[in-house]
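Notes follow the structure.
The values are calculated or read from the model by the stated rules, or taken from the named source; none is laboratory data. Please read these numbers as outputs of a predicted model, since none were measured by experiment. Every residue, glycine as well, gets a Cβ built from its backbone with ideal geometry; the counts of neighbours run over all protein chains shown. All accessible areas refer to the heavy atoms of the entire protein, side chains included, with ligands and DNA or RNA removed. Shrake-Rupley method; radii C 1.70, N 1.55, O 1.52, S 1.80 Å.
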Amino acid sequence: MAGLLAGSLAFAVPDYSEARHMAMNPEMETKVDTHHKLNMGGNSTRTVERGTRSLESRIDAILNPPVEKVENTIKVHQTVSAYDDSIMGTPLASQEQCVKYLLSVNPRPDISVSPQELVAYYYEEGAREGIRPDVAFAQALKETGFFRYGGTVTPDQNNYCGLGTTSSEVKGAYFSSAQLGVRAQIQHLLAYASTRQPSEQVVDPRYGLVRNTYGSRTLNSWTDLNGRWAVPGYTYGQSIMSMFREMLSR
């Protein structure tokens with residue numbers, strides 16, 4: 001019995017290091033409910049603060065401290081020129097310019113969400129992975145004919161860059177939502193441009209194929225995609241950058 005009692009007391013009372021941690025951490029400090037004055041001798045008194053938190057709750061706070069959420073921030077170089085053809089970077093065009101450019105060519109794009117919402121997905125997913133969203137959107141305009149389609153890929157696939165379309169008989173990948181379609185495109189660009197794993201779960205069905213092929217090698221520019229993303233695609237990257245610069249004039 002004495003051994004059991006000693007064991008329970010050893011668990012109930014935190015050691016000195018735990019007590020010091022509680023005192024230094026504002027989240028674990030004892031709440032005050034009453035003040036008691038102790039006679040320290042002579043005319044001096046000392047106020048003692050009593051806590052309302054139970055011993056069990058304080059032990060639980062020690063064993064299960066709050067976990068701070070760390071934001072995943074990708075650092076990429078600042079894009080400053082319309083003639084910078086890097087795949088990774090920050091946007092130059094605004095979301096409004098992207099929408100205006102699309103609607104100036106095709107006022108009725110065949111997409112499952114509004115043009116504004118689709119463009120917002122490019123900026124959200126692009127920022128997450130460090131891929132330039134405005135140029136990625138220009139790539140989608142090229143691949144889909146400004147969302148008129150007419151080729152192997154159809155609008156219901158939410159496939160904005162021809163992912164998996166390897167011939168006129170192969171329709172390529174299907175995605176359940178517009179955002180996942182955008183995410184897959186951004187992840188596919190990341191597969192070429194970086195060895196870093198995507199921040200979100202991989203939805204690009206050909207991500208592993210690219211990474212296994214290139215290993216530690218990466219492609220830096222949109223023109224590096226010539227003959228790789230599109231075959232033969234001799235001017236593939238140049239045409240995307242030309243569309244991007246046209247977008248900037250809107």
For the range 93-184, what does the accessible surface come to per residue with a 1.4 Å probe? Please give it in Å². 39 Å²
Where Lys and Arg each count +1 and Asp and Glu each count -1, what net charge lies around residue 240 among other residues with Cβ under 15 Å from its Cβ? -2
Using the Kirkwood radius over C-alpha pairs as Rh, can you work out the diffusion coefficient of the range 200-249 via Stokes-Einstein at 4 °C, viscosity 1.567 mPa s, in µm² per second? 103 µm²/s
Once the piece of chain linking residue 112 and residue 213 is laid out straight, how much longer is it, given 0.36 nm per residue of separation minus the C-alpha distance between them? 33.0 nm
Phi-derived 3J(HN,Hα) across the range 182-196 with the Karplus relation (6.51, -1.76, 1.60, θ = phi - 60°), rounded Hz, x for Gly and Pro, is 5, 4, 4, 4, 4, 5, 5, 5, 4, 4, 6, 8, 8, 8, 6
Solution diffusion estimate, µm²/s, Stokes-Einstein, the range 112-250, Kirkwood Rh from C-alpha pairs, 25 °C, viscosity 0.890 mPa s: 163 µm²/s
Stretch gain in nm, segment residue 249-residue 197, where the contour uses 0.36 nm per residue and the Cα spacing is subtracted: 15.3 nm
So, with points 7 Å from each Cα along the Cβ direction, the residue 103-residue 75 label distance in nm works out to 3.9 nm
Would you kindly derive the ³J(HN,Hα) couplings of the range 86-99 from the backbone phi angles with the Karplus curve 6.51 cos²θ - 1.76 cosθ + 1.60 (θ = phi - 60°), listing them in order in whole Hz, with x for Gly and Pro? 5, 6, 9, x, 10, x, 9, 7, 7, 4, 4, 5, 4, 5
Sorted on mean Cβ neighbours within 10 Å (highest first), peptides 239-247, 135-143 come out as 135-143, 239-247
Where the convex hull is taken over the Cα atoms of the range 125-178, what is its projected area averaged over directions, in nm²? 3.9 nm²
